[in-house]
1. When Rg is the radius of gyration of the Cα atoms in segment 414-513 and Rh is its Kirkwood radius, what does Rg/Rh come to?
2. P(r) for segment 87-184: what percent of alpha-carbon pairs falls in each 10 Å bin, starting at zero?
3. Using Stokes-Einstein with the Kirkwood hydrodynamic radius over Cα pairs, what translational diffusion coefficient do you get for segment 252-382 at 4 °C and a viscosity of 1.567 mPa s, in µm²/s rounded to a whole number?
4. Compute the distance in nm between two label points, each set 7 Å from the Cα along the Cα-to-Cβ direction, one at residue 419 and one at residue 205.
5. Based on other C-beta atoms within 10 Å, arrange 68, 469 from fewest to most.
6. As a check on your grasp of the helix formula, calculate [θ] at 222 nm for the chain: sum -39500 (n - 2.57) over DSSP H runs of n ≥ 4, divide by the residue count, round to the nearest 500.
7. Within the chain, what percent of beta bridges assigned by DSSP are antiparallel, to the nearest 5?
8. Give me the orientation-averaged projected area of the Cα convex hull of the chain, in nm², one decimal.
């Protein structure tokens with residue numbers, strides 16, 4: 001290492017110089033050659049970090065151990081060797097409750113390691129060895145641990161990282177510590193419904209208070225109780241009929257359901273966890289909505305209703321042919337499906353099945369003549385038309401239909417005395433004397449029953465005159481003359497006023513008695 005040298009001017013043994021260390025070598029770190037004065041390291045190692053210099057007092061003396069001696073101070077400087085390992089100030093660093101919403105670059109904790117070596121041997125560089133899941137990094141120089149990615153409590157709640165500190169001179173030494181990080185759960189997760197959509201079917205007229213469906217949602221945060229509500233944009237009609245329990249999500253009926261007023265309701269349900277949500281740079285309050293479709297099923301709670309356009313009274317002639325349509329009724333049922341399909345029947349007034357009704361498209365009822373009509377037998381039919389739906393049990397409504405049978409001139413006048421008349425008159429009766437009165441009837445009515453009477457044969461000399469309206473036959477002013485003609489055989493025709501007119505005829509025989517005879 002170093003040598004000290006002294007001289008002695010004496011001769012011989014008195015001039016031989018020996019060396020020894022007097023002080024500063026308490027730990028026997030050094031030794032000195034007695035003969036040469038060479039100072040060297042002792043058997044024990046040096047440690048610059050314990051003492052970077054040593055001050056030795058070296059003495060030169062004669063072999064006779066006399067009083068002739070001299071000493072010198074020797075300063076030995078210990079140069080550094082990279083023999084120390086970096087040591088962290090803590091074996092484990094803890095960061096408890098780091099917010100999971102912490103942004104990228106958030107400071108987590110500072111780790112610190114020291115190395116007593118000097119120069120590069122004492123300079124340390126930090127690195128994350130394991131356990132960070134690429135969510136954290138440490139500054140190589142400062143030991144500051146920061147986030148490099150978004151954290152998510154629902155994915156991982158704790159991190160245990162190994163961090164190294166490496167000195168910068170060979171042979172390189174490393175020291176290690178652990179960094180324990182726990183995350184603080186926050187309301188940053190989206191609420192999700194268990195179902196992508198809810199559907200329910202209810203029969204109309206169901207009792208209030210009945211449960212329709214239960215919606216359920218969850219949040220991965222699982223911190224607060226979710227609350228449920230209807231979106232304000234839900235239709236007022238739906239809001240008047242349904243309510244939702246804010247805690248359980250159960251939707252119940254609160255109003256009277258009537259399919260005819262609404263057969264489908266769409267409710268928008270909002271589930272809210274009441275917390276903020278992280279969305280890159282924007283903080284919004286988190287909730288989610290889901291639709292609930294409620295179909296109202298039909299009950300047969302409506303009877304058919306006849307339309308005002310339905311025939312109520314019709315006139316037909318008695319000669320209307322069989323198979324001819326004479327009336328139409330229209331009815332509707334606002335129920336759905338079979339409950340709204342209508343069939344028509346004639347339930348009263350259809351004597352001898354003179355009419356029949358045919359259902360068309362479950363909406364129209366067409367009335368047809370089913371038998372020959374005869375006004376003289378029945379001149380009016382008071383039919384009861386029934387519209388019946390196909391529900392279970394069925395519902396029906398009745399409608400009155402009057403069919404008036406109009407007269408057709410299909411009956412000829414009938415003279416009461418079909419065998420004719422035989423009368424006798426005096427030959428000297430005065431003019432205008434009533435001879436007889438022909439009586440006839442006609443089953444028709446109106447003009448078809450208005451009768452006119454005529455003498456159509458046998459009255460060549462115009463002895464008789466007949467009142468065409470009353471059928472009374474009288475003599476003319478010139479009285480009959482028995483000597484000229486004793487008997488008249490007259491043909492009398494009775495004709496109605498129909499189109500075409502019909503007639504009946506008879507033969508009347510008139511005998512003239514002598515003037516002294518009475519009829």
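1. Details: Rg = 14.0 Å, Rh = 13.9 Å.
Ratio of gyration radius to Kirkwood radius: 1.01.
2. 17, 48, 24, 9, 1
3. Working: Rh = 19.9 Å.
Diffusion coefficient, whole number: 65 µm²/s.
4. According to this spin-label approximation, the distance is 7.4 nm.
5. On the way: 68 13, 469 10.
With the fewest neighbours first, 68, 469 line up as 469, 68.
6. Working: 1 runs with 4 residues, N = 519.
Helix-only estimate at 222 nm: 0 deg cm²/dmol.
7. Taking every DSSP beta bridge with both residues in the chain, the antiparallel ones total about 85 percent.
8. Details: hull surface 187.7 nm².
One quarter of the hull surface, i.e. the mean projection, equals 46.9 nm².
Read-outs: derived from the displayed coordinates by stated rules, not from any lab. Everything quoted here is computed from the prediction, not taken from an experiment. We place every Cβ from the backbone using ideal geometry, glycine too, and count neighbours over all the protein chains shown.
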